[in-house]
1. Considering only DSSP beta bridges with both partners in the chain, what is the antiparallel share in %, to the nearest 5?
2. Please report the antiparallel percentage of the DSSP beta bridges confined to the range 88-238, to the nearest 5.
3. Provide, for q = 0.23 Å⁻¹, the log10 of I(q)/I(0) from a solvent-free Debye sum over equal Cα point scatterers in the range 188-269.
4. Going by alpha carbons, how many degrees (0 to 90, nearest 10) lie between the helix axis of 119-134 and the longest principal axis of the chain?
5. Around T137, what is the net charge, scoring Lys/Arg as +1 and Asp/Glu as -1 over all other residues with Cβ under 12 Å from its Cβ?
6. What residue among E231, E241, E60 has the largest mean-square fluctuation in a Gaussian network model of the chain, using Cα springs under 10 Å?
7. Taking the DSSP beta bridges in the range 78-173 as the whole, what percent of them are antiparallel, to the nearest 5?
8. With everything on Cα atoms, drop me the angle between helix 18-29 and the longest principal axis of the chain, reported from 0 to 90° to the nearest 10.
Amino acid sequence: MFTHFEQPGKCEWLGGGLNGFVDHLNRVYGTAYALTRCLDVVQISGVTSKEPEVLLTDSENEQQMVIERKSVVWPPNYLHRHQLEHDFANTVWQHTRGSYRDATYELSLNSREFDQLDRKQIHDIANQIAAAMARVTPEQLPIRSRTPLRWSFRKVPEGEQENQSPGIIVSHQQSLSFDDPDDDSARAGTTSQIQSQLEAAAAKFNNYSECRRVVLLDFYGTEIGEDEIPELFKDVTIPNEIDVVWRTVRDWTSEDTYDIGYDQLHVRS
């Protein structure tokens, strides 16, 4: 799923890319909305009220719109685990710097075992695996091991992936036997998170009943594909305080790069 990392306490207009989203809305609706005020910014002192991210005004008819941005995360620890995955990969790359630069190599880890580890354990295991990788040559690959967790290391055949580049790719798999994840649990959990985040967004719109009220959802996770998200909305009740729901998506320009796009999920009739 799409990942966009927010900057809590800061205006989402530029740092979070809401300006690009509003440009998109203006093209879709033929409107001329522009930023009037950032609303949901943490105050240095005093009480910070619950507000949408931004207030906008259409310069042609003075109609106003508010936008609230929410993150739907499944599993709930996904963002924390995602950062630990980066920490692991960085440790491996530091220890193997200068090695395995002649082709593309893939280090695969069992994600279920990985998810049970804390930061120190992950650092120690990264060092152990990197040391094991340093003891073999490309001609001895592939190798597999069950210690300190299940992992494998192989040379990726030329042409297997588009735009291959030299170096080590670290991948996390539900099982090194390629077992399917628990799709039903992931769908149910993601649906529950959508409902919860929409209800939290609706509470931000209490003082803006005269405005067009828009929610922009960012989805984080790996167990649900982007194309599965719209189907989940049949089991979601959209609060009356919300007029339109959009989500961020990836518009792929190549196998490895994408532009940020937007997809409308709901509009109140």
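1. Working: 26 of 46 bridges.
Once the DSSP bridges in the chain are tallied, antiparallel ones form about 55 percent.
2. Values: 8 of 15 bridges.
Among the beta bridges of the range 88-238, antiparallel pairing accounts for roughly 55 percent.
3. Those come out to -1.15, one per q.
4. 40 degrees
5. Values: positive: R135, K155; negative: D102, E139.
Local charge sum for T137: 0.
6. E60
7. Details: 8 of 15 bridges.
So the antiparallel bridges amount to about 55 percent of the total.
8. Once rounded, the angle reads 60 degrees.
Every number here is computed from the coordinates shown, using simple stated rules; none is lab data. This is a predicted model, so every value here is computed, not measured. Cβ sites come from the backbone with ideal geometry, for glycine too, and all protein chains shown count toward neighbours.
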